[in-house]
Structure formats: structure tokens, C-alpha cells
Amino acid sequence: MERSEFIEKLKIIAPGTPLRHALDDIQDASIGGLIFFVDDYKKYSNLMQIGFLLNCSFNANKLYELAKMDGAIVVTEDLSMIIGANVQLIPDHNISTNQTGMRHRAAERMAKETGKMLVAVSKRRNTMTIFFGDFVYTLNNVETLTSKITQTIRTAEKYKEAFIEALTGMEFMERAGSLTLFDVVKTIQKGLMVMMIGQEAEVTIAELGNHGRFPQMQITEMLVNVGEEIENLVLDFSDELVESEEMEETLTRLNGLTEKEINSFGSILRILGYDITTASQAVEYFIRSRGIRFARHIPRIPLQVAINLGREFGTLYNLLESTEDELKDVDGIGEKRASAIRHAIDIYKKSGQVTIPGF
């Protein structure tokens, strides 16, 4: 199941929703329950026997009261209707299941056979479990989730600080002519860790429901400009210049790396198009940027124009030595943009200071 699809399922059942209110009541009353979510119950009529066909509007209190009866409750996926109660589910008994209780075994088999979501509330274990296709997930309580997201945010903050420091260090090293591919990859690694932690936090925040508003704001703020800076590093330091239409695929590959792959130099170097695969080789590989990141930090310079500058001048050094007339020869640059770029170059040369716009 896709992460985005799972997150949407969590949102339906998260604290603060009517469904979660009913499920909490069922759990607190220690009566247990099984909810089957369908688009059209008639599609699955051969897999269940409905004790009471209700077709009534959904209500959290109704759901709680109906859970007092044996069997499952069938609800529409959009939570608009309660279709039936006291339902006996009859999935194929040959479908494998790792569950032990009868309610959970039926739920897992039904989820696998129909591809629909079921939620089982355990009377004995006092847990809520989501079954969706082959996917099984036991919900955590708010206290556990709050502790988890707090630790996640602290970790993300540390990586974000390290990412900003690495970007700053790269600018100093490029000015000194000592920048290596090793430094570039280490910086990308830190940025990717921030992005990965942010993605993992989405699940916890979705599960927190109305308790996840402030953590979401913190994570959102943490991720500001990180993706764009990783994109800039790829554009500036890939072995061959990545065109704008290829950028999305490259970023998808980077963001799809596991933590182990992120910490492996070879994985990132291959995506950047280099034949070398080890950190020791990368340390010996001195490199210059194409000036694309520098250009993108200039106000009102579009991505494609920045790429055009990188293609035309090849290195940041060449870009810094360009004249306004040479700049105007680049596709997408007129007199105003040439003047703005030249002004930014003059400030960069005079300052000698390193700043990271956007952070």
C-alpha cells in the first residue's frame, strides 16, 4: 500500500473523528468490535450474512450501541451510512493469516480477499488494528505518539542544523577551491535525512489526528527550502547537467532511498551519474559548481533560466566573471535580469561572507 493511501486511512480513524469517538467507546467498554468498510455491500454479499440490514445514517453513538451485538458492522467507506450489523463474515478460510483471535483472523482474511479496510477492536488486548489488503497496523495511543513525534522533531532539527552548516561549509570550500565530491555527497545525505524524517513523521501526525496540528506546523517549517536546496545541489554537481524535465525523476530516486542507502556514498553517486562508488575516491575528486544554486538564490530567476546559465558558463567562477552583455546572450535573460544577476555577483564578490538564503 502506498504511504499516501495509508495516511488517508489513518486520518479517517484518528483522534477527534466521529469514527474514533465510537471506537474509543467500544474499547473503553471492553466489548470488542469489527467494522467492515465497503463501497457497495452488494459486491461482497457472498462473503457475509447480514443479521440486521439497517441502511441508516452514520452516527458514532449508533456504531457503539451496535457493537454490543455479535458479528461485524458494515459501514460505507465515506462514513455516510451504516449498512448492517450482526454480520457474519465468511472469507475464504484458505487465505493465510497470522492472527490468533477469531475476530482478527476474519478481518485479515476479509481484507486480503476484498482489498477493503476493516478495523478490529480487541476486547482482550485492548487494541485497535487496521487491516487493509495485505497490510496490518495496530494503532498507538496518544501518549506514545506524542513522545514519538517529539523525538522525531528533535532528530529532524539536528539534521537540519547539520545540513545548513554543510551548505555554509561548501560555499567556503568553493571559494577556496578545495570543494570535493565527498563534501557534496555528505551535504546531500544530511538533506535527505531531513526529508526522510519528515516523511516518516507524516504517519505519526496523521495517527495523532487533532493532536497533531502543532507537530505538523513544526515539521512543515523544518522542511522549508530543504527539497529545493537538494535539487540545487543535484543541478550544480551531477556528472552531467540534469535538465528540468528530468529533475523530478532524479529527486524521486533520491527521496526513495532507504536510510541505509542514504548513508552509502555509492547510492547517491550513482544517481548523480558518477562511476566512482566510495568515499575515499570522492575525497580525491575536486569539483566546482555550475552556479545554478547561486543563480536560483537571485530573486525572480526561474529554474530554467538558472539551468541555462549553468549550461552556458559551466562553472560558478565563469558566471562570476561574466559581463552584462554575455549574460543577455543567455536564453531567457533580458536587460533587467542581466542587471539583477550582475548586481548579485558584485555583492557576492565584495562580501566574502557566506549566507544561506531561505533558512
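The values are calculated or read from the model by the stated rules, or taken from the named source; none is laboratory data. Only a predicted model underlies this, so the values are computations on that prediction, with no experimental measurement involved. Because the Cβ atoms are built from the backbone with ideal geometry, glycine has one as well, and the counts that use them run over all protein chains shown. In case anyone asks, the SASA skips ligands and DNA or RNA and just uses the protein heavy atoms, side chains included. Shrake-Rupley method; radii C 1.70, N 1.55, O 1.52, S 1.80 Å.
A few points about this structure:
- For the range 138-241, the helices (runs of 4 or more DSSP H) that sit wholly inside it and include 2 or more residues that are of a type in the set (Val, Ile, Thr) and open to solvent by less than 30 Å² (accessible area, probe 1.4 Å) are 142-176, 181-208, 226-237.
- Residue list for the range 291-332, restricted to those being among the polar types (S, T, N, Q) and open to solvent by less than 50 Å² (accessible area, probe 1.4 Å): Asn308, Thr315, Ser322
- Whichever residue in the range 90-104 is more than 18 Å from Leu23 (Cβ to Cβ) and open to solvent by less than 30 Å² (accessible area, probe 1.4 Å) and, among such residues, is modelled with the highest pLDDT: Pro91
- Selection within the range 117-149 - farther than 21 Å from Leu66 by Cα and in contact with a strand residue (DSSP E or B) (Cβ under 6 Å, 6 or more places away or on another chain): Phe132, Tyr137, Thr138, Leu139
- Close pairs (6 angstrom Cβ cut-off, 6 or more residues apart or separate chains): over 18 Å from Met117 (Cβ atoms) in the range 80-103, of a type in the set (Gly, Ala, Ser) anywhere: Asn86/Gly51; Asn86/Gly71; Gln88/Gly71
- Index of the failed condition, Lys349 passing every other in (1) more than 20 Å from Val184 (Cβ to Cβ); (2) at pLDDT 95 or above; (3) not in a loop (DSSP other than H, G, I, E, B): (2)
- In the range 125-151, the residues that are within 30 Å of Glu77 (Cβ to Cβ) and of a type in the set (Val, Ile, Thr): Thr127, Thr129, Ile130, Val136, Thr138, Val142, Thr144, Thr146, Ile149
- Residue match in the range 105-123 (condition: exposed (fewer than 14 other Cβ atoms within 10 Å of the Cβ) and not small (Gly, Ala, Ser)): no
- Subset of the range 271-290 that is surrounded by fewer than 16 Cβ atoms within 10 Å (Cβ to Cβ) and either on the phi > 0 side of the Ramachandran plot or among the basic types (Lys, Arg) (or both) - its residue that is farthest from the chain's Cα centre (by Cα): Arg288
- Of the helices (runs of 4 or more DSSP H) contained entirely in the range 288-338, those carrying at least 2 residues that are touching a Gly at 6+ places or on another chain (Cβ under 6 Å) and closer than 24 Å to Ile230 by Cβ fall at 303-313, 316-320.
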